[in-house]
C-alpha cells in the first residue's frame, strides 16, 4: 500500500514521552506512514530533533509558541499524504492494523472526521479506567464536551456516529480539513473538538467513532501539564465558537453562565478585545460558513440530544 497517512504530533515540553509515543507507533504497524513532529517552542532542553532523526520523522520547531490549534493546522498544511491522523505526544498503540483500518475507512467516507476509541492510561502507561472513551457530546449550556464511554452503545456496529470527537486521535482527509477551514481562529488551547465537530455536522458530514482502533492516552491528574490552559484565550475561543454558530438565545445563556462564573466585567473586557481586534475576521468567517454549510446548528443539537440522556 502506498503511503497515504501522516501522523501529526504537536507537543510542548513532553521530554521522553515524544520518543515513547513515536516508538510505539513505529513498532506497531504493518504499513508505511509518515510522522510530523511539531515542537511548539519547548523550553525543557530535551533533544527532540534526535527523536526525529532516530525514527525518520519530519521535524518542525517553533521559535514562538503557536498553540495546539495552529500547530495542528500547520501540520495538515505541510503533510504530503491524502489523509492524516492527529495524536498527542503521550499516547500508545497496541495493535498492528490501525493504519490499514484508518485508510480503508477514510477512503470510503470523504466527508467524515474519525475518532479512535480511547484507553485511559496513568503516568506509567497502565490502564486506569474500566471503560473506553467513545468521543463526547456537547453541552450547549456552556459548550463543554463531556466524555462518552462504551456504555453509550451496545450495538454490534464497529463504527458509530458521535456528536463530537474527543481523545486526541482524529483522522480526516487533508482536502476536507482545508475545505472546513480547520481550527482557524482558535488561540492556544481549548474548544478544538467542538469547533471542528460542529463544522463537520453543519457541512452534512459525520463525526464517527472507530471501535476497532484503540489508542492509549496518558491523562495528567495534576498541574502543570505541558499545554496549560490560558484562561483568557480559553474564554476567547468559547466566545469565538459561540458567535460563529449559535443563535441569539443560546449565546445569551452561555454569556450569562460565564459572567456569573468569571465576573461580568472580565467577560465584557474579553468581548471588547475580540470586537476591537478581531471583529472583522469573525464576521467574515461567520458569513463564509453560512455560505458554504447547508445546515444550521439545529442539526447538531438534534444529533447531540440523542446522547444527552445516556449516562
Per the filter on region 94-133, residues over 24 Å from residue 17 (Cβ atoms), assigned to a strand (DSSP E or B) and out of contact with any helix residue (DSSP H, G or I) (no Cβ under 7 Å at 6 or more places or on another chain) are 112
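Quick grid of which residues meet (1) within 18 Å of residue 119 (Cβ to Cβ); (2) without any contact (Cβ under 8 Å) to a residue 40 or more places away in the chain; (3) within 15 Å of the chain's Cα centre (by Cα):
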| site | (1), (2), (3) |
| --- | --- |
| 156 | no, yes, no |
| 167 | yes, no, yes |
| 177 | no, no, yes |
| 180 | no, yes, yes |
| 185 | no, no, yes |
| 192 | no, no, yes |
| 204 | no, no, no |
| 208 | no, no, yes |
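With region 140-185 as the region, which strands (runs of 3 or more DSSP E) entirely inside it contain at least 1 residues that are surrounded by 22 or more Cβ atoms within 10 Å (Cβ to Cβ)? Full working, then the answer.
Numbers: elements: 147-149, 159-161, 170-173.
Ranges flagged: 147-149, 170-173.
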(Q) Just checking, does region 40-59 include any residue being at pLDDT below 95 and over 16 Å from residue 170 (Cβ atoms)? (A) no
Expected output for region 73-84 (first residue on the phi < 0 side of the Ramachandran plot and touching a residue at least 24 places away in the same chain (Cβ under 8 Å), partner in a loop (DSSP other than H, G, I, E, B) and buried (at least 17 other Cβ atoms within 10 Å of the Cβ), Cβ below 6 Å, 6+ apart or cross-chain) is 73/182; 73/183; 81/4; 82/4; 83/4
Checked pairs for region 124-147, first farther than 10 Å from residue 164 by Cβ, second in a loop (DSSP other than H, G, I, E, B) and at pLDDT below 95, C-beta under 7 Å and 6 or more apart or across chains, list as 128/122; 134/153
Just one listed residue, out of 113, 119, is crowded, with 18+ Cβ neighbours inside 10 Å, in contact (Cβ under 8 Å) with a residue 60 or more places away in the chain and more than 19 Å from residue 196 (Cα to Cα), and it is 119
Residue hits (region 38-80; part of a helix (DSSP H, G or I), within 20 Å of the chain's Cα centre (by Cα) and buried (at least 18 other Cβ atoms within 10 Å of the Cβ)) are 68, 69, 70, 71, 72, 73, 74, 75, 76
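The values are calculated or read from the model by the stated rules, or taken from the named source; none is laboratory data. Given the structure is predicted, the values throughout are model-derived calculations rather than measurements. Every residue, glycine among them, receives a Cβ derived from its backbone with ideal geometry; neighbour counts consider all protein chains shown.
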